[in-house]
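**Q** To start, I am sharing the structure in question, which I have written as C-alpha cells.
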Amino acid sequence: MQYATITGWGKCVPPATLTNDDLATFIETSDEWIKSRTGISQRHISHVNTSELASVAAKRALAAAGIEGSEIDMIILASASPDTLIPNIASTVQANIGANCAAFDINAACSGFLYGLGLASSQIKSGQCKKVLVVGAERLSFYLDWSRRETAVLFGDGAGAVVVEATDIPSGVLGYELNNDPDGRDILKAGFGTAMDRFSTDSLDFYIQFDGQEIFKRAINGMNKLSTQVLEKCGVDKDEVDLVIPHQANERIIDTLVSRMKIPKEKAFVNIANYGNTSAATIPIAICDALEKGLIKPNQTILSCAFGAGLTSAALLLQWGERVTPVQISDAQLPPCDQTGIELVKRAVDYFCK
C-alpha cells in the first residue's frame, strides 16, 4: 500500500510589514484593540505577485525534500488571489521550478491548502502520482478596502508549500474530510469576477466583505464537526493528537475550537500574531514555523483544520514522518523591496480613505 507523506516544506513571506500602529495612522484603531480581538500584531505586505511568493516557497520545499522540480508529477496551487485567472498561476510556478507535469489552481479560500493536500494524498494512494507539490499562496492586500477596519486589520500576504511523496512506510495523510456550506456563501465574499460590470468605474470598488459574528459561529461549528469526523474515521482519539495546526484566522476562534473539542490549548499552534490571516497560506506557513521551533517531532499525530469563503471547511489527520530537518536549504529569494509596508499600501489607502 502506498502512503502519502510530507518530505519537504517551505514558506515565503514578503519583507515589508504593516504593524497595528501603522494601521492606526489612517483608520480608527489601536494596537490594543486589534490584539485583544484577533491576536494579530502585524501582517506582511507583498511587493510582488502571488506567483512569485508561491515560486520561492515551492523552491524551498523542493530543497527541503532534496528533489528537483523535474521530479514533480503534479502541482496543486491553492489561492483566492492569483496574479491571473487565465492562465492559472500553477503554470507560472511550474515554469519557475522546471517541472513537466499537471498543474492547476484551486480556490477553496482559506481551506484551499487542506483541499489540495487531501487531493494530493488521493493521487498518491491511487498510484497516479509519486511526488506532488502543494502550495498555498495569497496576496490578500489586493482585495482590501483600507477604510474598513473589520477587514483591514485581519489579512496579510504570504505563501507556503509542501512536497508530498509516496512511501511504503505507514505515515503521512491518515484521512481527510472536506465540506462546503452554500447557505453561508454570501457572508464572506469579494465582488471580483465576471459578474462585474467591466464598463463601470464602480466595479473597481471590489473588496472583502464579511459578517464577523456569523463567520465566528460557523467556522467553529464547521471545523469542530469535520475534525471529529476525521478522527472517528481514522480511529484516533483526540487525546492521541500531539499537535493541532489550525487555520490562522483569529486567535479567539482557535481558542474556542480547541476548548470545544476538549483539547489542551497548549497543543494548538498559533502564529497569527506575525502574519495575520494569509488564507490558503496560513497552514503551510504554520507547518514551517512549527518545524523551525522544534514543535513537530518524528511520528507525531497532527490534526489540521480550516474554514473559508464558500463557506468551505476541511480537516486532515497527518502522521509526520521520521525527518524534521531539511535535506538541503534553497537560496531562492524574492527581489529586494525598497518600500515599507505603509508605503506599499499608500496608493490604496489614499483611494479608499479619501
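**Q** What does the charge dipole of the chain about its Cα centre add up to, to the nearest 20 debye, if the Cβ of each Lys and Arg holds +1 and the Cβ of each Asp and Glu holds -1?
**A** Computed charge dipole of the chain: roughly 440 debye.
**Q** Same structure again: Could you order 47, 247 so the one with the most accessible surface comes first? Probe is 1.4 Å.
**A** These residues rank, largest area first, as 47, 247.
**Q** Another question, if that's okay. Which semi-axis lengths, in whole Å and largest first, follow from the square roots of five times the eigenvalues of the Cα gyration tensor of region 204-329?
**A** Semi-axes, largest first: 25, 19, 12 Å.
**Q** What length, rounded to one decimal in nm, is gained on full extension from residue 259 through to residue 216, with 0.36 nm per residue of separation minus their alpha-carbon distance?
**A** Contour length minus Cα-Cα distance gives 14.0 nm.
**Q** Another question, then. Scan around residue 174 for amide H atoms under 5 Å from its own, H built in the peptide plane at 1.01 Å from N, and keep only partners 5 or more places away or cross-chain.
**A** For residue 174, the qualifying residues are 317, 318, 319.
**Q** Still on this structure, I have one more. Viscosity 1.567 mPa s, temperature 4 °C: what is the translational diffusion coefficient of the chain from Stokes-Einstein with a Kirkwood Rh over Cα pairs, rounded to a whole number of µm²/s?
**A** Stokes-Einstein gives a translational diffusion coefficient of 64 µm²/s.
**Q** Ok, one more. Using only alpha-carbon positions, what ratio does the radius of gyration of region 49-168 give when scaled by 2.2 N^0.38 Å?
**A** Cα-based Rg divided by the globular estimate yields 1.08.
**Q** Right, here's the next one. On the accessible surface of the chain, probed at 1.4 Å, how many percent belong to carbon and sulfur atoms?
**A** C and S fraction of accessible area: 48 percent.
**Q** Moving to a separate point now. In Å², what does the accessible area per residue of region 196-354 work out to with a 1.4 Å probe?
**A** So region 196-354 comes to 49 Å² accessible per residue, rounded to a whole number.
**Q** Can I ask one more? Between residue 339 and residue 203, what FRET efficiency comes out of the Förster formula 1/(1 + (r/R0)^6) with R0 = 30 Å and r the beta carbon distance, rounded to 0.05?
**A** Step by step, r from the Cβ atoms, then E = 0.60.
**Q** Write down the accessible area per residue of region 1-85 in Å², having rolled a 1.4 Å probe over the full set of protein chains.
**A** On a per-residue basis, region 1-85 sits at 34 Å².
**Q** Percentage of Cα-Cα pair distances in region 243-287 greater than 15 Å, rounded to whole percent?
**A** 34 percent
**Q** Which of the three applies to region 40-100, rounded, prolate or oblate, going by the alpha-carbon gyration tensor with a ≥ b ≥ c and a/c under 1.5 meaning rounded?
**A** The shape class here is oblate.
**Q** Next question, about the same structure. Classify region 291-354: rounded, prolate or oblate, from the alpha-carbon gyration tensor (a ≥ b ≥ c, eigenvalue square roots; a/c under 1.5 rounded; otherwise prolate if a/b is larger than b/c)?
**A** oblate
**Q** Whole-Hz ³J(HN,Hα) for each residue in region 313-329, computed from phi via Karplus 6.51 cos²θ - 1.76 cosθ + 1.60 with θ = phi - 60°, x for glycine and proline: what do you get?
**A** 8, 7, 9, 9, 10, 9, 9, 5, x, 7, 9, 10, 10, x, 5, 9, 10
**Q** Could you give the length gained by full extension between residue 2 and residue 100, i.e. 0.36 nm per residue of separation minus their alpha carbon distance, to one decimal place?
**A** Stretched out fully, the residue 2 to residue 100 stretch lengthens by 33.0 nm.
**Q** For region 1-60, what does the alpha-carbon gyration tensor say about shape, rounded, prolate or oblate, given a ≥ b ≥ c as the root eigenvalues, a/c under 1.5 as rounded, and a/b over b/c as prolate?
**A** Oblate is the answer for region 1-60, as a/c is 1.5 or above yet b/c matches or exceeds a/b.
**Q** Rg/Rh for region 132-223: what does it come to with C-alpha atoms and Rh from Kirkwood?
**A** With Rh from the inverse mean 1/r over Cα pairs, Rg/Rh is 1.07.
The values are calculated or read from the model by the stated rules, or taken from the named source; none is laboratory data. Quick caveat: nothing in here was measured; it's all calculated off a predicted structure. Positions of Cβ are generated from backbone atoms using ideal geometry, with glycine treated the same way; all protein chains shown enter the neighbour counts. The area values use the complete protein model at the heavy-atom level, side chains included, leaving out ligands, DNA and RNA. Shrake-Rupley method; radii C 1.70, N 1.55, O 1.52, S 1.80 Å.
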